[in-house]
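Enquirer: Just dropping this structure here.
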Amino acid sequence: MRWILVAVIVLATTLGEVLQAIGMKRHGEIHDFRPDALGRVVSTLVRCRYILAAIAAMAVSFFAFMALLSITELSFAVPVTAASYIFETVLAKYLLKEHVGWKRWMGVLLVAGGVTLLSF
Amino acid sequence: MTSSTRTLQFKTRILTAVVVLSNVLGNSLLSRGMRSVGVLLSLSPLPYVQALFNPWVAVGVSLLIVWLLSHMALLSWADLSYVLPMTAVAYVLVAVVGRLFLHEQVSLVRWAGITLIMLGVILVGRTSPRTTLSQPAAEKDSRVEVKTALRSMSGSQHSEARP
């Protein structure tokens, strides 16, 4: 059961974060952090399809994570989701056309490796 | 470093800190709350909604909403392949908080994991937060192109357009 939940979490997180990145890049850079300006940003974002799909995916991932936390420890639940780092970086390079140089690849691999070690 | 790159770096660092802190605090409170809620394995939404009435869960979820919004704001200018490893500082913080405040034992393997994460974060922190062109930058670039084209058309200042 726990591994089914892990698979659901990894897939939904990857999908959710990539969709979030696409939606936010289409929205454009946020400059103004005053509450009323942020309110306007939120009201624009709730009409963006990418953001809505991202929130749906994040919600699936969140509830699956809550279910996983109820049957396992946080120290198991957090590290196993590290697999999404690799998937997301690959998608960032090929789908979002980000420049992923050696520093970023090494960085992501070190982070994913480190997160895996934390579960021991 | 131009002032706009410095502003971008500053803004990115501050928001990364907000993302990390709200994530760590939110997840810790949620974890604490779920322990008193009990096993939650249901496809019906009702038990999940009931869990939200637990105060630990409620505050945890509120902080996770702050996390979601700040994460989205950060992604409005920064690369996903930058944000992803940078926010991994959260794992290090969880371990340090566990060691300092909950007096948990941190094994040698876990310290090794923490070291790897910090090395990864330092490496990625040395890259520019944004590698794709944003809208205003793209506009500026096209203006430069127009100016260069006009200049080469005028002929007299042709040499300036050469690199």
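The values are calculated or read from the model by the stated rules, or taken from the named source; none is laboratory data. Note that this is a predicted model, so its numbers are computed, not measured. Methodologically, a virtual Cβ is constructed for each residue, glycine included, from the backbone with ideal geometry; neighbour enumeration extends over all protein chains shown.
Enquirer: Do you know which of the residues in region A:60-94 that are in a loop (DSSP other than H, G, I, E, B) and under 15 Å from the mean Cα position of the chain (by Cα) is surrounded by the fewest Cβ atoms within 10 Å (Cβ to Cβ)? Before you say what the answer is, go through the steps one by one.
Expert: As a first pass, look at region A:60-94 and keep what is in a loop (DSSP other than H, G, I, E, B): A:72-73, A:81-82.
From what is left, the residues that are under 15 Å from the mean Cα position of the chain (by Cα) are A:81-82.
Numbers: A:T81: 17, A:A82: 21.
Taking the candidates together, the pick is A:T81.
Enquirer: While we're looking at this one, here's another question. Does any residue of region B:89-97 turn out to be in the same structural domain as B:T127 (by TED's automatic domain parsing), under 24 Å from A:I22 (Cβ atoms) and part of a helix (DSSP H, G or I)?
Expert: Let us first name the residues in region B:89-97 that are in the same structural domain as B:T127 (by TED's automatic domain parsing), namely B:89-97.
Cutting the leftovers down to under 24 Å from A:I22 (Cβ atoms) gives us B:90.
This time we only want the ones that are part of a helix (DSSP H, G or I), so: B:90.
Yes, region B:89-97 contains a residue that is in the same structural domain as B:T127 (by TED's automatic domain parsing), under 24 Å from A:I22 (Cβ atoms) and part of a helix (DSSP H, G or I).
For (1) under 15 Å from the mean Cα position of the chain (by Cα); (2) basic (K, R); (3) closer than 30 Å to A:L110 by Cβ; (4) surrounded by 14 or more Cβ atoms within 10 Å (Cβ to Cβ), each residue gets a yes or a no:
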{"residue": "B:G38", "(1), (2), (3), (4)": "no, no, no, no"}
{"residue": "B:P47", "(1), (2), (3), (4)": "no, no, no, yes"}
{"residue": "B:T87", "(1), (2), (3), (4)": "yes, no, yes, yes"}
{"residue": "B:H103", "(1), (2), (3), (4)": "no, no, yes, no"}
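Enquirer: Note down all Cβ pairs under 6 Å where the first residue falls in region B:125-138 and is more than 18 Å from B:P85 (Cα to Cα), the second is modelled with pLDDT of 70 or more, and they're at least six residues apart or on different chains.
Expert: What qualifies is B:S134/A:E29; B:Q135/A:G28.
Enquirer: Cβ-Cβ below 6 Å, separation at least six or inter-chain, first residue in region A:100-120 and at the interface with chain B (Cβ under 7 Å from one of its Cβ atoms) and free of Cβ contacts under 8 Å to residues at least 60 places away in the same chain, second part of a loop (DSSP other than H, G, I, E, B) and among the hydroxyl-bearing types (S, T, Y): which pairs?
Expert: A:K103/B:T127; A:R104/B:T127
Enquirer: Quick check on region B:64-77. Is at least one of its residues touching a residue at least 60 places away in the same chain (Cβ under 8 Å), closer than 27 Å to A:Y50 by Cα, crowded, with 16+ Cβ neighbours inside 10 Å and assigned by TED's automatic domain parsing to the domain that holds B:R126?
Expert: Checking region B:64-77: at least one residue is touching a residue at least 60 places away in the same chain (Cβ under 8 Å), closer than 27 Å to A:Y50 by Cα, crowded, with 16+ Cβ neighbours inside 10 Å and assigned by TED's automatic domain parsing to the domain that holds B:R126.
Enquirer: Now, a different point. Within region B:16-65, can you find the residues that are within 17 Å of A:F63 (Cα to Cα), modelled with pLDDT of 85 or more and not small (G, A, S)?
Expert: B:N23, B:L29, B:N54, B:W56, B:V57, B:V59, B:V61, B:L63, B:L64, B:I65 - these are the residues of region B:16-65 that are within 17 Å of A:F63 (Cα to Cα), modelled with pLDDT of 85 or more and not small (G, A, S).
Enquirer: OK, next. Listed residues A:A54, A:A21; which is part of a helix (DSSP H, G or I) and either facing chain B (nearest Cβ under 7 Å) or within 23 Å of A:W3 (Cβ to Cβ) (or both)?
Expert: Working: A:A54 fails: either facing chain B (nearest Cβ under 7 Å) or within 23 Å of A:W3 (Cβ to Cβ) (or both).
Just a single option satisfies the conditions, and that option is A:A21.
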